[in-house]
Amino acid sequence: MLSRRILCSTRRLNTLHRPFSNASKTVASAVYTGSPNAHDPAVNSTPELTQEQHQILDTALRVDQAGEVAANWIYNGQLFVLGRDPKVGPLIQDMWDQEKKHLMVMDKLQVQHRIRPTVLSEVAKVAGFALGAATALMGKEAAMACTEAVETVIGEHYDDQLKEMEALPSTHPSIPLLRDVVKEFRDDELEHLDIAVENHSQRAPAHALLSTIVGGGCKVAIEVCKRI
Ligand SMILES: [Fe+2]
Ligand SMILES: [Fe+2]
């Protein structure tokens, strides 16, 4: 199963060189702060970007931005309910802080590339908050099961997107940049998945059903946001 394979590889990555607090400080920070190392597409004009590359960037950035909006509101909802819990409260806050960085980067890339955001941004906020709060009200394990399901789908989504981008020629600075961002974010999301599992997501009541519903909803949302 992909999530199990990704889980193992993520643990290996974490063991090697990725303390949690240092995540999202490389490519993402470079993009957000406008470092010259970030292959800033605002600096590099885009005449050689093909129609196909434009289409891939358009779809990828729209859905990724929407996903980060939803993730932020899920953690917001979870923290609203569990913020005072001494164990999971700080964990949820840390993951939310990371999602805030993801969203800042996606917002910047969306503006740089003049991508139209999904028309469902407000729906994503409400649905995300409701999902986070509802699962948190079911208990800490259910909140972690929600995180496990969401981050599994998002991790797989970023992994698929990375494969799609690796097949593209690196003739334009936007493609390598986005590839680096997606790789970094995929690793961050899978780290969130690991945290959820380590904090007993699989002890949640009706774990399999909850995972199916939440994961299925995320997959549908991804496909919808690619189009509108
Ligand atoms: Fe994220
Ligand atoms: Fe995440």
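The values are calculated or read from the model by the stated rules, or taken from the named source; none is laboratory data. Small disclaimer: the values here were computed from a predicted structure and weren't measured. We place every Cβ from the backbone using ideal geometry, glycine too, and count neighbours over all the protein chains shown. Ligands, DNA and RNA are excluded from the accessible area calculation, which covers all protein heavy atoms including side chains. Shrake-Rupley method; radii C 1.70, N 1.55, O 1.52, S 1.80 Å.
State all residues of the range 202-216 that are under 16 Å from ALA124 (Cβ atoms) and open to solvent by 40 Å² or more (accessible area, probe 1.4 Å); if no residue qualifies, say none.
None; the set is empty.
Consider GLN112 against the criteria (1) within 16 Å of ligand 1 (Cβ to nearest atom); (2) out of contact with any helix residue (DSSP H, G or I) (no Cβ under 6 Å at 6 or more places or on another chain); (3) not aromatic (Phe, Trp, Tyr): it satisfies all of them except one. Which criterion is unmet?
Just one mismatch for GLN112, condition (1).
Could you look through the range 140-181, keep only residues that are within 15 Å of ligand 1 (Cβ to nearest atom) and of a type in the set (Val, Ile, Thr), and pick out the one that is nearest to GLY77 (Cα to Cα)?
THR147
If HIS172 passes every condition in (1) at pLDDT 90 or above; (2) open to solvent by less than 30 Å² (accessible area, probe 1.4 Å) but one, which one does it miss?
(1)
Checking LEU193 against (1) open to solvent by 30 Å² or more (accessible area, probe 1.4 Å); (2) touching a residue at least 40 places away in the same chain (Cβ under 8 Å); (3) aliphatic (A, V, I, L, M): exactly one of these is not met. Which one?
Here LEU193 meets the rest and fails (1).
Could you look through the range 187-212, keep only residues that are modelled with pLDDT of 90 or more and of a type in the set (A, V, I, L, M, F, W, C), and pick out the one that is farthest from LYS101 (Cα to Cα)?
LEU209
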